[in-house]
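First comes the structure, then the notes that go with it.
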Protein chains: 2
Amino acid sequence: MDVHLISNGRQPFSELTKIAMEVESYIDFLHIREREKTAQEIIDGIVMLRRAGFPLSKLVMNDRIDIALVTSITNIHLGYRSIPVEYVKHHFPFLRVGCSVHSLDEARSAEQKGADYVMYGHLFATNSKPNLPPRGIEEIEAIIKQLSVPIVGVGGITPANCTLVRDAGIAVMSGILEVDNPLEQAKLYKGAKGNE
Amino acid sequence: MDVHLISNGRQPFSELTKIAMEVESYIDFLHIREREKTAQEIIDGIVMLRRAGFPLSKLVMNDRIDIALVTSITNIHLGYRSIPVEYVKHHFPFLRVGCSVHSLDEARSAEQKGADYVMYGHLFATNSKPNLPPRGIEEIEAIIKQLSVPIVGVGGITPANCTLVRDAGIAVMSGILEVDNPLEQAKLYKGAKGNE
């Protein structure tokens, strides 16, 4: 199953590029999720990643379809603040579009409206959502059973707990970006999910 | 010269639509500048404006080219956080694109990179920039002389002071949106600029 790495906005692109290139063989997608940076900074960062050799096909632009269009990124990830998936699929049918969801109902709705995959979370306790209880794995199991599109789990995922949900990809932020040994961690994640 | 009305994010779209329809004959453009609202809320607001009869050709989308593309808006206004104008004109040559500038150098650069107009400010003291001294009218006079594209002044503009700069359009926020009589104020602005 796929391993998604999501940028968390806390690193300059120079640092993100260094880690991304280190772990590139062990991740399937790198999400550019940078809410505080300007569009110019994000475009410059994408150029930096591409010049370093990071493959365009593995880049996913979060929220900003316009930035994706001017940088030739064809993977989009939408959150609740983003343009709704049905608009995106209608106007830009050549884009692969994923949606964050937080329930089975939202997952079904996203699939019906054209989402190419859904990301569900947060599964486990995580420092990035300290005040929200984790959702656990029960609902994602139901989502996996009922939907046809790929499912990705996110939130507090470690190499140890990532096998608790079979047949779902995983999305990782600090588990790779904020560790001493990103390459070793990425290998562990991909090793755990790679055989599913 | 053109009168631009800019939404300030402090009103629900129902209120903005009411005022926009009241003053529609006296404004040339309505900028949708909503940094806090979600994309869905902004799209719904644009649909509301259109259903009320506000003309598409007068709508200007601030920053979000993707929202413009899915709502068929063809006027874009870019700020310093936005995708740079040269990218926008290259990838979307059918869009009319204006840029906020704060100096003669920035204005020249924006024109060279393809801006269809520039907006300079803030000219006069305004509550929306309480901690920044106003730039006055000297530099905008130089910009008007040196550039070929239309210039729009913004910031603290009143019906009384809006004639201090000739041959420039004006952009107004609270001067129309946060007054008791938006229609009367819009008439005063348009009356003052209409004969230039």
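Points worth noting:
- Between B:ARG166, B:ARG108, B:ARG81, the GNM of chain B built on Cα springs shorter than 10 angstrom shows B:ARG81 fluctuating the most.
- Shape of chain A, Cα gyration tensor, a/c cut at 1.5: oblate
- Summary for B:LYS187: label point 7 Å along Cα→Cβ; distances to the equivalent points in the other copies, ascending, 7.8 nm.
- Under the combined filter of DSSP loop state and at most 10 neighbouring Cβ atoms within 10 Å, segment B:1-98 retains these GluC sites (Glu not before Pro): B:GLU36.
- Where N is the number of residues in segment B:111-196, Cα Rg divided by 2.2 N^0.38 Å: 1.10
- Shielding of A:40-50 by partner chains, average beta-carbon count, 10 Å: 1
- Restricting segment B:7-77 to trypsin sites (Lys or Arg not before Pro) that sit in a DSSP loop and have at most 14 other Cβ atoms within 10 Å of their own Cβ leaves B:ARG10, B:ARG35.
- In order along segment A:86-94, the phi-based Karplus estimate (6.51 cos²θ - 1.76 cosθ + 1.60, θ = phi - 60°) of 3J(HN,Hα) comes to 5, 5, 5, 5, 5, 8, 9, x, 7 Hz; Gly and Pro are listed as x.
- For A:ILE176, A:ILE19, the sequence from fewest to most other C-beta atoms within 10 Å is A:ILE19, A:ILE176.
- Amide H within-cut-off set for A:VAL60, under 5 Å, with H built and near neighbours excluded: A:LEU30, A:HIS31, A:ILE32
- Shielding by partners for peptide A:91-102, expressed as the average number of C-beta atoms from other protein chains within 10 Å of each residue's C-beta, is 1.
- Loop-resident chymotrypsin sites (Phe, Trp or Tyr not before Pro) (DSSP state other than H, G, I, E or B) in segment B:1-109 with no more than 14 further Cβ atoms inside 10 Å of their Cβ: B:TYR80, B:PHE94.
- Across all C-alpha atoms in segment A:1-45, the radius of gyration and Dmax reach 10.8, 33 Å.
- Remark: spin-label model distance B:SER14-A:LEU164 equals 4.4 nm, labels positioned 7 Å along the Cα→Cβ axis.
- If both residues of a DSSP beta bridge must be in the protein assembly as shown, then about 0% of such bridges are antiparallel.
- Pseudo-label separations to other copies for B:GLY79 - Cα-to-Cβ vector, 7 Å, nm: 1.8
- Per-residue ³J(HN,Hα) for segment A:11-26, Karplus 6.51 cos²θ - 1.76 cosθ + 1.60, θ = phi - 60°, Hz, x for Gly and Pro: 10, x, 4, 4, 5, 4, 5, 4, 5, 4, 5, 4, 9, 3, 5, 9
- Per-residue [θ]222 nm for the protein assembly as shown (sum of -39500 (n - 2.57) over DSSP H runs n ≥ 4, rounded to 500): -10500 deg cm²/dmol
- Surface/4 estimate of mean projected area, convex hull on alpha-carbon atoms of the protein assembly as shown, nm²: 20.6 nm²
- Residue-count net charge about B:PHE92 - beta-carbon cut-off 13 Å; Lys, Arg +1, Asp, Glu -1: -1
- Around A:PRO159: net Lys/Arg minus Asp/Glu count, Cβ-Cβ under 13 Å: +2
- Phi angles of segment B:180-196 translate, via the Karplus equation with coefficients 6.51, -1.76, 1.60 and θ = phi - 60°, into HN-Hα couplings of 6, 10, x, 5, 4, 5, 4, 4, 5, 4, 5, x, 5, 9, x, 9, 6 Hz per residue; Gly and Pro are given as x.
- Neighbouring partner chain Cβ atoms per residue of A:64-76, average, 10 Å criterion: 4
- Cβ-Cβ FRET estimate between B:GLU138 and B:ARG81, R0 fixed at 35 Å, reported to 0.05: 0.85
- Mean separation of Cα contacts under 8 Å, 6 or more apart, over the residue count of segment A:3-192: relative contact order %: 20 percent
- Chain A, closest residue to the rotation axis toward B, by beta-carbon, whole angstrom: A:ASP66, 2
- Alpha-carbon Rg with Dmax, taken over segment B:56-108, Å: 11.0, 34
- The magnitude of the dipole of segment A:3-192, with charges of +1 and -1 set on the Cβ of Lys/Arg and Asp/Glu and taken from the Cα centre, is near 200 debye.
Values quoted throughout were computed directly from the atomic coordinates according to the rules given, and no laboratory measurement underlies them. What you see is a predicted model, and the numbers here were worked out from it, not measured in a lab. No Cβ is skipped: glycine too gets one built from the backbone with ideal geometry, and neighbour counts run over all protein chains shown.
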